[in-house]
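Q: Quick one: structure below, then a few questions.
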Amino acid sequence: MKRIAIKIGSNVLTRKDGSLDITRMSSLVDQVAELHKQGKEVILISSGAVASGRSEINVGKKLDAVSARQLYSSVGQAKLINRYYELFREHGLTCGQVLTTKESFGSRTHYLNQKHCMDVMLENKVIPIVNENDTISVTELMFTDNDELSGLIAAMMDMDALIILSNIDGIYNGNPAAPTSVVIREIENDKQDLSEYVQASKSSFGRGGMLTKCSIARKVADEGITVIIANGKKDNILPELLAEGSDTVCTRFIPSSKPVSSVKKWIAHSEGFAKGKVYINKGAEKALAGDKATSVLLVGVTQIKGDFEKDDIVKIINEDGIQIGVGCSAYSSDEAISLIGKRDIKPLIHYDYLYLD
């Protein structure tokens, strides 16, 4: 594994009082520096900006959640990246900051601009440190959490592995606090129902829970990328996870062997940017579920909702109202509505621009 994306969660980087854990941060930088010296290309997706800012400012009046997030992250992001910069400099390494928003992934052009930026950084031995720009990302514009962001980055940058560091050893086959529970060491994509094991509760300082991690991990593994969920509070966890024949306790999602195009990887993670909905009949759904590569044809479309342009992302909904995929529309919504039911014309969503759940 040469290209590794590492997501460091809030509960790894924060102490019980919500302040930044500098000792843990320093240890993780030491580990990344070791990987870098082994010739690996590393991208960090790091939480911790809000925690970093919270410990720096005493606010006189009570702030609402959005204002507090914007204030703490504006101060904390500068403090966090400066801390990373100084820690990496001790190893003779340079890091750079990449702040992004959900909207930046919604446009293929912006998506490719971000990819180019990080490609240039990696080519020049600079370690990208990516975080959501919390100063402007609020409410519906926010990622679910940095797990979602790390999945997008791993897919975009064609990483060999995504390591999600949390404050537990992996996914357990029961309540992690129960003495009889053990970590599920390997998960093959779509062959194991994890819903009975995984709790929907969220961490103390982060926005996401293990349910989000599982969902992201499965999607990323389906794109041919190994995903590892492990305990970031364990000493030397990163080199141990990546050592040949490693038996370190963690949960590994086995990657699919089927190649996935870069465009399909983008579309697979684009549900949050969808501008409209395309409803299809049972015949069209059956065709999509078959073994042959099939596009979404207008003859099988029953209804279109939303206002979208050509090349925008749309959700695909079956007759039961269930979303079965997402895709890139070859028509605007007005054009598509006028062509519903028509045969022998260009597909509404070509197979190459289609991702099925």
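Q: So what are the ³J(HN,Hα) numbers for region 332-341, from phi and the Karplus equation (6.51, -1.76, 1.60; θ = phi - 60°), rounded to whole Hz, Gly and Pro as x?
A: 6, 4, 5, 5, 4, 4, 6, 10, 4, x
Q: With the Cα gyration tensor of the chain in hand, give its eigenvalues times 5 under a square root as the equivalent ellipsoid semi-axes, listed largest first in whole angstrom.
A: That gives 37, 23, 20 Å for the three semi-axes.
Q: Starting from 0.36 nm per residue, how many nanometres of slack lie between residue 158 and residue 323 once their C-alpha separation is accounted for?
A: Gain on extension, residue 158 to residue 323, equals 56.7 nm.
Q: Another question, if that's okay. Per residue of region 167-179, what does 6.51 cos²θ - 1.76 cosθ + 1.60 with θ = phi - 60° give for ³J(HN,Hα)? Whole Hz please, x for Gly and Pro, Karplus curve as stated.
A: So the J values, rounded to whole Hz, are 9, 10, 6, x, 9, 8, 8, x, 5, x, 7, 6, x.
Q: By DSSP, what percent of the beta bridges with both residues in the chain are antiparallel, rounded to the nearest 5?
A: Beta bridges within the chain, antiparallel portion: roughly 40 percent.
Q: Helix 22-37 against the longest principal axis of the chain: what's the angle in degrees, Cα atoms only, rounded to the nearest 10?
A: 70
Q: In debye, nearest 20: dipole of the chain around its Cα centre with unit charges on the Cβ of K, R (+) and D, E (-)?
A: 380
Q: Also: For region 258-335 and region 41-104, what is the centre-to-centre distance using only Cα atoms, to the nearest Å?
A: If you average the Cα positions of each part, the centres end up 37 Å apart.
Q: Still on this structure, I have one more. Cross-link partners among lysines for residue 265, C-alpha distance below 22 Å, same-chain residues fewer than 8 apart left out?
A: Candidates past the 8-residue exclusion: 2, 7, 102, 115, 191, 213, 219, 275, 277, 292, 310, 315.
Q: For the chain, give the percent of accessible area contributed by carbon and sulfur heavy atoms, probe 1.4 Å, rounded to a whole number.
A: Result for the chain: 48 percent of the exposed heavy-atom area is carbon or sulfur.
Q: While we're here: What distance in nm lies between label points placed 7 Å from Cα along the C-beta direction at residue 235 and residue 57?
A: Here the answer is 3.7 nm between the modelled labels.
Q: I'd like to check one number: the per residue accessible area of the chain, probe 1.4 Å, reported in Å² as a whole number.
A: Per-residue accessible area for the chain comes out at 47 Å².
Q: To continue, here is another question. What is the sum of charges, Lys and Arg at +1 and Asp and Glu at -1, for the other residues whose Cβ falls under 12 Å from the Cβ of residue 40?
A: Once all neighbours under 12 Å are counted, the net charge is +1.
Q: Still on this structure, please answer the following. Could you tell me the relative contact order of the chain? Use alpha-carbon pairs under 8 Å, at least six residues apart, and round to a whole percent.
A: 15
Q: Treat each spin label as a single point 7 Å out from the Cα along the C-beta direction, and report the residue 287 to residue 186 distance in nm.
A: My value for the distance between the label points is 3.9 nm.
Q: Quick one: Karplus J couplings for region 240-251, per residue in order, coefficients 6.51, -1.76, 1.60, θ = phi - 60°, nearest Hz, x for Gly and Pro?
A: Per-residue couplings from phi come out as 5, 4, 9, 5, 4, x, 4, 10, 4, 5, 5, 10 Hz.
Q: Just to be sure I understand: with springs between alpha-carbon atoms less than 10 Å apart, which residue in 251, 23, 135 has the highest mean-square fluctuation in the Gaussian network model of the chain?
A: The residue with the greatest mean-square fluctuation here is 23.
The values are calculated or read from the model by the stated rules, or taken from the named source; none is laboratory data. In this text the structure is predicted, and so the values were computed from the model without any measurement. Using ideal geometry, Cβ is built from the backbone for each residue, glycine included, and neighbour counts are taken over all protein chains shown. Keep in mind that these areas ignore ligands, DNA and RNA; they rest on the heavy atoms of the full protein, side chains included. Shrake-Rupley method; radii C 1.70, N 1.55, O 1.52, S 1.80 Å.
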